[in-house]
Structures are given as C-alpha cells and as structure tokens.
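What follows draws every value from the coordinates through simple rules; no lab data is involved. These numbers come from a predicted model, not from an experiment. So basically every Cβ, Gly included, is an ideal-geometry build from the backbone, and we count neighbours across all protein chains shown.
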Amino acid sequence: MRVRVLFFGMLKEMVGISAEEIDLPEGASLAQVFERYASREPRLRSLGPSIVAARNHEFADLSTALAQGDELAFLPPVSGGTDNQEMVSGEHYFCLTRQAIEPRKLIRDLLTGAEGAVVTFEGTVRNNTKGRPTLYLDYECYESMALKVMAKLGCEIARQFAVSRVAMVHRLGRMLIGETSVAVIVTAPHRRPAFEAALEGINRLKQTVPIWKKEHFVDGEVWVEGEWAGDVPVVG
C-alpha cells in the first residue's frame, strides 16, 4: 500500500524532506514508518518524547494501523502563499491567514447586541528573546489539520465557559516586530467567563494546534520549541 508522509518545522530540515510517498506492506503501523525515518536520522529517536504523529488530520498513537492512501505527519513541538482558510462552526469563527489580522473587524462580525463583555487577546512579535535581538519571525503549519484542531478547541472552550461566541485567527508566513501573530476573541454576557475563556483559549491553542515558529536573529535563526499538551500522544 502507498501512503504520503509529511514533516514540518525542524523535522523537515532534519530528515531533508517535507513530503514523500512511500510503499508499505499491508497491516503496517505508524511505528514502522517512524522507525523507517529514525534509522535514517537517529536524532528523531531522541526527540521522540516531543514529536507527535497524525493520521488523516487526527492525532494518532504509533500503534495505529495504516491503510492505502493515508496521509501521515510527524509534528515537532508546537510553538505557537495561499488564501485565507476559514471555518465557521455554529456561532464561532476560525481562520488561518497570511494577511494582517484585524481584531476590530472580527469583533464587529461577532457582536449581536446581547453581549456585556468582549475580551481580545493579541499575541505580537517581540523585538528580542531573553535579550537576543529578533529581526522577524516565520510561522508555518500543517494547515488542513491546524484549522480542524483550532475549531474543535474553540467549540470546546465555548461549551466550557458561559460565553456567546469565540473567534481564533492565526497568521502564517513572515511577521515583523510589533505585528499581531494570533488573536483570540470571546464575547459573553459577563466579563469573568470572557476573560477566563480567552486565557484558556490561547493557552490551549499554543499547546495543541500544529503551528511552528522560526525566530530570526542578527546572529542566527532557530525553530522555537514549545511543549505539546499532556493529552496529545507523543511518539517516544
């Protein structure tokens, strides 16, 4: 059987490819695919506790059996050239974009007149990391999976807190100092659940949505390593 394998962030640089199709015997598992690449690049094994695998846009254990035509992906720790990708789920809105994020426009689209509170979180590009001057950032992601995970997360947040609407937008591509990379907007009848939902939303987005950040400095560049949420299955 034939499957498609994708690598992102630091992993694609490590194995030297971003995508390829491979042939596997019937009944093969994700573990066999991982071993195939780990034998070629042993550093993958040492990173195992922080690498996540996905099958057809869903997080998956290495024991997962594979089928003809599957799309597999190996994802490094999250850090946090196409048109916008958008998803509307009920009253909630989710988007990946390469354009500037416009929170005021998003708020106007969310408001119904029944809200008593609107809380907006914006993540912006800093000019340094621990004193090391930053030139700019590059964001990339597993776009088709990221949008689904973001929408699932936002709807869970909406059910968890007494809020009306949730919007999450993440920008991709190159961003300069001071630009907004991510926005989480929550509307609610009252302020406390709006604040709590916005904080929970950005925290979980940074730990579960497959988006990666490369930071460019005056004296070099580095993929920023974060940490997956505890309920996401890692390969090691």
Using the Cα centre of region 21-82 as origin and beta-carbon charges of +1 (Lys, Arg) and -1 (Asp, Glu), tell me which of ALA38, PHE59, LEU24 is placed farthest towards the positive end of the dipole. ALA38
Across LYS12/LYS130; LYS130/LYS213; LYS105/LYS214; LYS130/LYS152; LYS130/LYS214, pairs whose alpha-carbon gap is larger than 25 Å: LYS12/LYS130; LYS105/LYS214; LYS130/LYS152
If you count, for each residue, the other Cβ atoms within 10 Å and average over each peptide, how do 202-211, 218-227 line up from highest to lowest? 202-211, 218-227
Taking the Cβ of each residue in SER46, SER144 as the centre, tally the other Cβ atoms inside 10 Å and list the residues starting with the fewest. SER46, SER144
What do you get for Rg/Rh of the chain when both radii come from the Cα atoms and Rh is the Kirkwood radius? 1.00
How much net charge surrounds GLU71 when only other residues with a Cβ under 14 Å from its Cβ are counted (Lys, Arg +1; Asp, Glu -1)? -1
Which three semi-axes in whole Å describe the equivalent ellipsoid of region 73-203, each the square root of 5 times a Cα gyration tensor eigenvalue, listed largest first? 25, 17, 14
Let's test this: bin the Cα-Cα distances of region 2-75 at 5 Å from zero up to the farthest pair and state each bin's percent. 3, 16, 32, 29, 16, 4, 0
